[in-house]
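Colleague: What follows is a single structure, and I will ask about it in a moment.
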Amino acid sequence: MFISHPAFDQHKLVTARYDRASKLNAIIAVHNDNRGPAIGGCRIYPYGSSEDALRDVLRLSRGMTYKTAIADIPYGGGKAVIIADPEHEKSPALLQAMGEFVESLAGLYITSFDSGTTLDDVRTIATATSFAAGISEEAFDASESTADGVFACLKAAAANGLGTDSLSGITVAVQGVGSVGRRLVRRLHEAGARVILSDINRSSAEQVAAEYHCEIAEPGEIHRVEADIFSPNALGGGLNSRTIPEIRARAVVGGANNQLETSADDLALKHYGILYCPDYLANAGGIINLHYQLSNWDRVALGKHIDRLAETFGEIMERAKTLRLPNGEVADRIAEERFSALGAGR
């Protein structure tokens, strides 16, 4: 079943568990561990079917392999999904059962928070496993680091795509104001940018807009607004054959995972002259934060490491220009050079 799935990409391990007592219905996927143990968050989402959940965990785990490689940290890619409504079906028993599931893999996969899970949830998971990240008392919320990475790449896009070293006066359309999006809005506001935002949760959109003096657009219209940069920070698949021709921004830089619906959308962005920062580069700040939590916590070193994401974006843009390839394909090549080379020696 797993191997024949279209999203299966030579994954090292795909395993599922159902626990009747806690109502845990979960899948863990380990895509690659050439650079080290697989790491990736645990997502809780009310998937419409097991097929939807499997597709998501396969795509997300593969994306984590590329993210850890492009971020230059010693981990591979993995992900976990729990099929449940996080608002009504999440419980301590379910989270503890998930911890036991993670523990059963003996360190092959390290879990953390994701959509539908909080730091407190990961702490509960950690009561049943030693393979959980992001719960260090001395560290701050890793979402701050994710927003820092997006912001650094956004500034690089402005410098290379818009010809300005300042964000003051530019317009950024921010899709999604969850844990990363709202932090990004704050940074943009402080930098003097004009922000237009949207969120499927209208009250969240209104709250953030009021706090940072932003305009609000409807969720289905945010990609169409006149802006210099479009920043997708919601669920994936938002850049596709329907939306890309409608984008009026000159660059796309956001924190959402799996922004491209298909690989062809990478080429479409290039065709329309839209500068694209590959999603797993832009949002790698959070996983870099977890790396420092798992090794030696150093806030200064963390900040410098996140700033290097913008340098990597610059390298991608230069290679893409020379090779006449879309940015996403070039980023993939760089990531593959990093994780495939190590695997060849095993």
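Colleague: Out of curiosity, is Ala80 outside any helix (DSSP H, G or I) and small (Gly, Ala, Ser)?
Modeller: Here the answer is yes, as Ala80 does meet what is asked.
Colleague: Looking only at the stretch 275-310, which residues are touching a residue at least 24 places away in the same chain (Cβ under 8 Å), among the charged types (D, E, K, R) and out of contact with any strand residue (DSSP E or B) (no Cβ under 8 Å at 6 or more places or on another chain)?
Modeller: Residues satisfying the conditions are Asp307, Arg308.
Colleague: Within the stretch 125-140, which residues are among the acidic types (Asp, Glu) and free of Cβ contacts under 8 Å to residues at least 60 places away in the same chain?
Modeller: Hit for the stretch 125-140 is Glu137, nothing else.
Colleague: Write out, first by first residue and then by second, each pair whose Cβ atoms fall under 7 Å of each other, whose residues are 6+ apart or on separate chains, and whose first residue, in the stretch 112-123, is in contact (Cβ under 8 Å) with a residue 12 or more places away in the chain while the second is of a type in the set (Asp, Glu) and outside any loop (DSSP other than H, G, I, E, B).
Modeller: Phe113/Asp121
Colleague: Kindly indicate which of Asn283, Asn327, Asn289 is out of contact with any Gly (no Cβ under 8 Å at 6 or more places or on another chain), among the polar types (S, T, N, Q) and surrounded by 23 or more Cβ atoms within 10 Å (Cβ to Cβ).
Modeller: Asn327
Colleague: In the stretch 141-176, what residues are open to solvent by 10 Å² or more (accessible area, probe 1.4 Å), touching a residue at least 40 places away in the same chain (Cβ under 8 Å) and not in a helix (DSSP H, G or I)?
Modeller: Selection gives Ile170, Thr171, Gln175.
Colleague: Checking Gly192 against (1) farther than 12 Å from Ser231 by Cβ; (2) part of a strand (DSSP E or B), only one condition comes out false. Which one?
Modeller: Of everything listed in (1) farther than 12 Å from Ser231 by Cβ; (2) part of a strand (DSSP E or B), Gly192 misses just condition (2).
Colleague: Applying the selection to the stretch 48-67, what residues are free of Cβ contacts under 8 Å to residues at least 60 places away in the same chain and either of a type in the set (Gly, Ala, Ser) or not in a helix (DSSP H, G or I) (or both)?
Modeller: Within the stretch 48-67, Gly48, Ser49, Ser50, Ala53, Ser61 meet the criteria.
Conditions (1) open to solvent by 40 Å² or more (accessible area, probe 1.4 Å); (2) out of contact with any Cys (no Cβ under 8 Å at 6 or more places or on another chain); (3) in a helix (DSSP H, G or I); (4) modelled with pLDDT of 95 or more, marked per residue:
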site: Cys42; (1), (2), (3), (4): no, yes, no, yes
site: Ala69; (1), (2), (3), (4): no, yes, yes, yes
site: Ile73; (1), (2), (3), (4): no, yes, no, yes
site: Glu87; (1), (2), (3), (4): yes, yes, no, no
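Colleague: How many residues are of a type in the set (Gly, Ala, Ser), within 20 Å of Ala97 (Cβ to Cβ) and open to solvent by less than 30 Å² (accessible area, probe 1.4 Å) if we restrict to the stretch 10-37?
Modeller: Result for the stretch 10-37: 3.
Colleague: I would also like to ask the following. Counting only residues that are over 15 Å from the mean Cα position of the chain (by Cα), under 22 Å from Pro219 (Cα atoms) and in contact (Cβ under 8 Å) with a residue 12 or more places away in the chain, how many does the stretch 240-265 have?
Modeller: Number of matching residues: 13.
Colleague: If you don't mind, another one. Hey, does the stretch 205-218 have a residue that's open to solvent by 70 Å² or more (accessible area, probe 1.4 Å), of a type in the set (Asp, Glu), farther than 30 Å from Glu318 by Cβ and part of a loop (DSSP other than H, G, I, E, B)?
Modeller: Looking for residues that are open to solvent by 70 Å² or more (accessible area, probe 1.4 Å), of a type in the set (Asp, Glu), farther than 30 Å from Glu318 by Cβ and part of a loop (DSSP other than H, G, I, E, B), one finds at least one in the stretch 205-218, hence yes.
Colleague: Of all residues being open to solvent by less than 50 Å² (accessible area, probe 1.4 Å) and out of contact with any Asp or Glu (no Cβ under 7 Å at 6 or more places or on another chain) in the stretch 125-139, which is nearest to Lys90 (Cα to Cα)? Just the residue, please.
Modeller: So the residue we want is Ile125.
The values are calculated or read from the model by the stated rules, or taken from the named source; none is laboratory data. Values in this document were obtained by computation on a predicted structure and should not be read as measured data. Positions of Cβ are generated from backbone atoms using ideal geometry, with glycine treated the same way; all protein chains shown enter the neighbour counts. SASA here: full protein model, heavy atoms, side chains in, ligands and nucleic acids out. Shrake-Rupley method; radii C 1.70, N 1.55, O 1.52, S 1.80 Å.
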